[in-house]
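Engineer: This is the structure I have questions about; it appears just below.
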Amino acid sequence: MNLTRRNFLTWAGISAAGAVSCNIPFPEAELKIQSPVRLPEDLVKGQDNWYATLCRQCPAAEGVLVRVMEGRAKKVQGNPKYPVNLGKQSARCDAGLQALYHPDRLAGPMSRTGAKGSGQYKAVSWDEALNILNSQLSERGQGLALITEPLRAHLSVIAGRFATAFGGRQLGFQTLDDTSYRGAVKTVFGQDVLPGFDLAHADYLLSFGADFLSTWGSPTQFSQAYGEFRQGAGRVRRGTHVQVEPRFSMTAANADRWLPITPGWEGHLAMSLAYVIIDEKLQAPGVDVGNLTGGRGIAALEAFRPETVAPRIGLPQGLLDGHSAADFIRELARDFASHRPSLAIGGDSAGAHSNGQFNLEAIYALNYLVGSVGAPGGVVFNAASPLPDLPAAAKVGSLADWAGVAEDIRSGKTKLLLVHQADPVHGLPKSMGFRDALAGDNLFTVSFSSFMDETTALADLILPDRVYLEDWGSDIPEPGPGYPVLGFQQPVVNPLSDYNPRSFADILLASAQGKAGNLPWPKLRDFLRESSDALFALKRGSIQAADSGEFWTKLLQQGGWWDDKATNPRPGAAPRDLLTGIAARAVPPAYSGLADGEFHLLPFAHNTLLDGGNAHLPWLQGAPDPVTTITWQTWVEVNDRKVKELKWREGDVIKVESAAGFILAPVYPNPALPPNVVAIPLGQGRRSGGEYAAGRAAPESANVMDLLEDRRVAVSGALAWAGARVRLTPTGESIRISKFEGSSPAREIGLTPSEDIFKTVESNGAAGAAH
Amino acid sequence: MATERVNHKWGMVIDLDRCTGCQACVVACHAENNVPINTQDRFLQHRAYEWIRIERYWEGEFPNVKARFLPVLCQHCENAPCEPVCPVYATYHNDQGLNVQIYNRCVGTRYCINNCPYQVRFFNWWEPQWPATLRNQLNPDVTVRSRGIMEKCTFCIQRLRRGELTVERQEGGRLDDKTMQERNFGPACVSACPTNALMFGDQRDPKSAISPYFADANEHVHEEDRKTRAYRLLEEMNTKPNVIYLKKVDQYPLKLKQGEQNG
């Protein structure tokens, strides 16, 4: 048949009539208006598979499902079954895909040809590279240092035993390390594993410094509970959240009440609250105050009378409603003690002053007074591990440890350094000289990084690891949900042919063969399989299977094993003399920095970039900071009235100077920052890396760690990163701030007045159910 | 075998008392919908693509100061101001309550952006670009929009369609709250939201968590007589959005100076 105009129209007419009469399940309205092509959205192309694994974009290691089509990963979603995040995810999880397909991924093993730090490398084959590694291990492996991310479960065993086999040590690196928090948890609760919090059932939350909705601890786990804390079904009353923090963090922005106090006095305030609770006998029934105070009662806390503490902690007058600051503290204590279950938590800057560990101990001890330890709505303890030998707590190095590593390198005790998923050169204060130590000629450095970073740039040998979506792994979440969990990570895709990575764990296992390291497994997968069989033998938990093969399959399908029926260790009685002991350790904060510095410096982990480890991921660079909405830049937050008073403007480049050095960055006027505080995010200022991570120089991008001195928290030896005194001077230069704010006009925000607070907790889906 | 199509009407409820402003929804949307990378230049030009965005508002002065977070996405209005102005019918309202954009009809007049009071439409001023390796991540279910085309939130129609096909036409079930949540057929932002501030469902499904709010916030009930915290953005414009917000509860309202208003 010839295709003439007439024929074409005839056939088109017949087809259209046919389509309508064939009862195609599309609504009539769509057919009327759409052209005779099908909408792209109506076509479904290909089948997708969802694989369960673990996310490694932040230390919380959430359980995720990855959508895979045609061998390519397309989307990361929370694993609805995984107890930590129950199907939810943070902004960081999604960006794992960009790490997987990143244009700056290192393409294969490389050996240094130029001077250290010159960036001159030549590609070598894996055989050649592993030969170099093994000969270096036998030549200079004795006393090696293995620096990794904070490790738990299987990789922790492998890395730990590997280091021991060579008479060396393995340490987890965290820029803002949590060793003071771990110390406080040990003193107050006697626990080695970090506790969880039953926020969902708490009525009153008093948080000191912890930015737990954004970066602190396990943010997705806490956020999920926070949603329930606010509007959970079946609640009688909406939870009240008071945030004591000198910086206006994202968490402070969500609090019902924000109490900015002078940095470093959090512990004194907590002790003062304890004083009022004991003084007015507000403690929960059954709490043995005599035990906590060594029988001395209120006399033990005499130094913390609100009248004594109030003038020191710097509560702003404007918050006090005409009351005295001491009365305000009393009222806060009454609120806290009367709205049980109430919960006190602390972290971040509260624990990062010279007296940080005292602060945290004082804060967490409050939970004993209100009966919240191990009780619903309170602090939840986590078991050591479902399987013996698998560590549930990460071994994190304190600043004292890193100073020791640097010293061992300088003295020649450590001649071989292995680094995996850690960038200490970027993350340690410049004044510690870690960069110089690594640049020394006596040291051979092997980096297992998939990307160029500041530590890798000084390496002699680079052995790119697989990205976690291509690799095996496991995790025991810390903090866990209150019952034993062992998460499993499986490869969901094969690496692209452009990249040529090898698994870090498998390299360690191969290199340790024949050494006295007790590492009998050829590959990490064999070790995981062994643990799967051990879990199967327990005959309990989330997986029912007839044999160990079926168990292994189901284990990977679910993304792990957990036993929500198992009870974790019940807390014992409060340590005797707890409050007396803490009171004896109370000291005011000693600030580092310039004696004449007008401002306290509060660095903070970036919402998506964290300490800079995610700085190469464009989605996370382009995700606005929740409070300032700034993207792709470093900024200096200064109180807006202060900025006006100094006749500065947004974007003016400021020189921020401490005793350790200076950085340049643009100023952002923040209406919610105390006038004597400056806040600067971590995350930018990478000196090595690709375009996304390191493509912008100062003043667009600066590393706030350059301002910190080697000052430590008493007892724990952690870096005291908060409160240093700094001087701000304008440079006369100005740049534009790349922020999201102002992109669209303002809209109405509905607020309900406070008297409606009881009836505004709505049971799920039942409109108007008033309580 | 095709079965009778279920007559859905989709809707979203956003609980501002749960929202913490964490940006999880924003990045999840970028990953699902092939949204071009927001480079620094885009932000400097105020042309960042965010189909869903978190607006942050300041209220008060130090120390009596608060920040408020408001997630804003296409409101999928029943009386959408963007629809009648499109000269080529590239944007229209479908029978499921979705405001739909047909990319291959769009000729880029940008009248719709001009007429949208919520500023949730984005024009492609440039050809979107990804480094070659990053293209491996692109979602094959979603068209990459070329230069000169308008784009916006679709309520993840590709997921809804996949859900309808799989659950309703192949399995004979019903795409409800539970199946959408468990099998990832709901919008990506809703799946991601860590505090469950975003809820999505079928307004015509009485069992859906969202339907009571739509029943409460309708044109027959005066705003002040509503039993829940429900309200709509710019309600006075009568755009009838299919997105409902639940008011934030303010336990300690700021004491404002005379003349200032709360909210």
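Engineer: Each residue of region B:113-120 in turn: what ³J(HN,Hα) in whole Hz from Karplus with 6.51, -1.76, 1.60 and θ = phi - 60°, glycine and Pro shown as x?
Structural biologist: In residue order, the calculated couplings are 4, 4, 8, 7, x, 9, 6, 10 Hz.
Engineer: Would you grab the residues whose amide H sits under 5 Å from the one on residue B:230? Only those 5+ places off in sequence or on another chain, please, with H modelled 1.01 Å from N.
Structural biologist: Under 5 Å from the amide H of residue B:230: B:247.
Engineer: Please report, for the Cα atoms of the protein assembly as shown, the Rg to one decimal and the Dmax as a whole number; what are they, in angstrom?
Structural biologist: 28.9, 106
Engineer: Follow-up question, since we're still on this one. Give B:66/B:247; A:413/A:523; A:116/A:523; A:74/A:122 a once-over and call out the pairs whose C-alpha atoms are over 24 Å from each other.
Structural biologist: Over 24 Å Cα-Cα: A:413/A:523; A:116/A:523; A:74/A:122.
Engineer: Could you size up the charge dipole of region B:10-246 around its Cα centre, putting +1 on the beta carbon of Lys and Arg and -1 on that of Asp and Glu, and report it in debye to the nearest 20?
Structural biologist: 700 debye
Engineer: Out of the trypsin sites (Lys or Arg not before Pro) in region A:530-589, which ones are loop residues according to DSSP with at most 15 other C-beta atoms within 10 Å?
Structural biologist: A:539, A:540, A:565, A:576
Engineer: Rounding to the nearest 20 debye, state how big the charge dipole of region A:438-587 is about its Cα centre with +1 on each Lys and Arg Cβ and -1 on each Asp and Glu Cβ.
Structural biologist: 700 debye
Engineer: Given H placed 1.01 Å from N in the peptide plane, which residues other than close sequence neighbours of residue A:733 have an amide H under 5 Å from its amide H?
Structural biologist: Amide H neighbours of residue A:733, under 5 Å, 5+ apart: A:653.
Engineer: Can I ask one more? What does the average come to when, for each residue of peptide B:51-64, you count the partner chain Cβ atoms lying within 10 Å of its Cβ?
Structural biologist: Across the residues of B:51-64, the mean count of other-chain Cβ atoms within 10 Å is 6.
Engineer: Checking the table A:554/B:178; A:81/B:152; B:9/B:227 against a 26 Å threshold on Cα-Cα, which pairs fail?
Structural biologist: A:81/B:152
Engineer: Shifting gears a bit: Considering only C-alpha atoms, what is the centroid distance from region B:201-226 to region A:663-714, in Å?
Structural biologist: With region B:201-226 and region A:663-714 each reduced to a Cα centre, they are spaced 47 Å.
Engineer: Ok, one more. Obtain the nm distance between the two label points defined at residue A:747 and residue A:331 by a simple spin-label model: each point lies 7 Å from its Cα along the Cα-to-C-beta direction.
Structural biologist: If labels sit at residue A:747 and residue A:331, their model points lie 3.5 nm apart.
Engineer: For the protein assembly as shown, give the magnitude of the charge dipole about the Cα centre (Cβ charges: +1 Lys/Arg, -1 Asp/Glu; no others), in debye to the nearest 20.
Structural biologist: 1120 debye
Engineer: Same structure again: Could you tell me which GluC sites (Glu not before Pro) in region B:98-182 are loop residues by DSSP with no more than 11 other beta carbons within 10 angstrom of their beta carbon?
Structural biologist: Here the sparse-neighbourhood loop sites are B:171.
Engineer: Also: With the crude spin-label approximation of a point 7 Å out along Cα→Cβ, what separation in nm comes out for residue B:183 versus residue A:644?
Structural biologist: If labels sit at residue B:183 and residue A:644, their model points lie 5.7 nm apart.
Engineer: Can you work out the Karplus-derived ³J(HN,Hα) for every residue in region A:730-739? Use 6.51 cos²θ - 1.76 cosθ + 1.60 with θ = phi - 60°, whole Hz, and x for glycine or proline.
Structural biologist: Listing the rounded values in order: x, 9, x, 8, 8, 10, 8, 8, 8, 10 Hz.
Engineer: Just want the answer: with Cβ charges of +1 for Lys and Arg and -1 for Asp and Glu, which residue in A:561, A:594, A:609 is farthest toward the dipole's positive end in region A:513-623?
Structural biologist: A:561
Engineer: Let me ask something else about it. Per-residue HN-Hα couplings for region A:316-324, Karplus 6.51 cos²θ - 1.76 cosθ + 1.60 at θ = phi - 60°, whole Hz, x for Gly and Pro?
Structural biologist: Coupling constants for region A:316-324: x, 3, x, 8, 8, 6, x, 7, 7 Hz.
Engineer: If you keep only loop residues by DSSP, which chymotrypsin sites (Phe, Trp or Tyr not before Pro) in region B:95-204 have at most 13 other Cβ atoms within 10 Å of their Cβ?
Structural biologist: B:125, B:126
Engineer: Have a look at A:449, A:656, B:243 and report the one farthest towards the positive end of the charge dipole of the protein assembly as shown, computed about the Cα centre with Cβ charges (Lys/Arg +1, Asp/Glu -1).
Structural biologist: The residue sitting most towards the positive pole is A:449.
Engineer: Name the long-range amide H neighbours of residue A:216: under 5 Å, sequence gap of 5 or more, or other chain; modelled H, no Pro or chain starts.
Structural biologist: HN-HN under 5 Å from residue A:216: A:211.
Engineer: Another question, if that's okay. Could you work out how much longer the chain between residue A:534 and residue A:733 gets when fully extended? Use 0.36 nm per residue separation minus the Cα distance between them, nm to one decimal.
Structural biologist: Full extension of this stretch gives 65.3 nm more.
Engineer: Of A:298, A:119, A:97, which is farthest along the charge dipole of chain A in the positive direction, counting Lys and Arg as +1 and Asp and Glu as -1 at C-beta?
Structural biologist: A:97
Engineer: Then there is this: Among the aspartates and glutamates, select those whose C-alpha is under 15 Å from the C-alpha of residue A:642, and discard any that sit fewer than 8 residues away in the same chain.
Structural biologist: Cα-Cα hits under 15 Å: A:598, A:650, A:652, B:61.
Since every read-out is calculated from the coordinates, none of them should be taken as a lab result. Note that this is a predicted model, so its numbers are computed, not measured. Neighbour counts run over all protein chains shown; Cβ positions are idealised from the backbone, glycine included.
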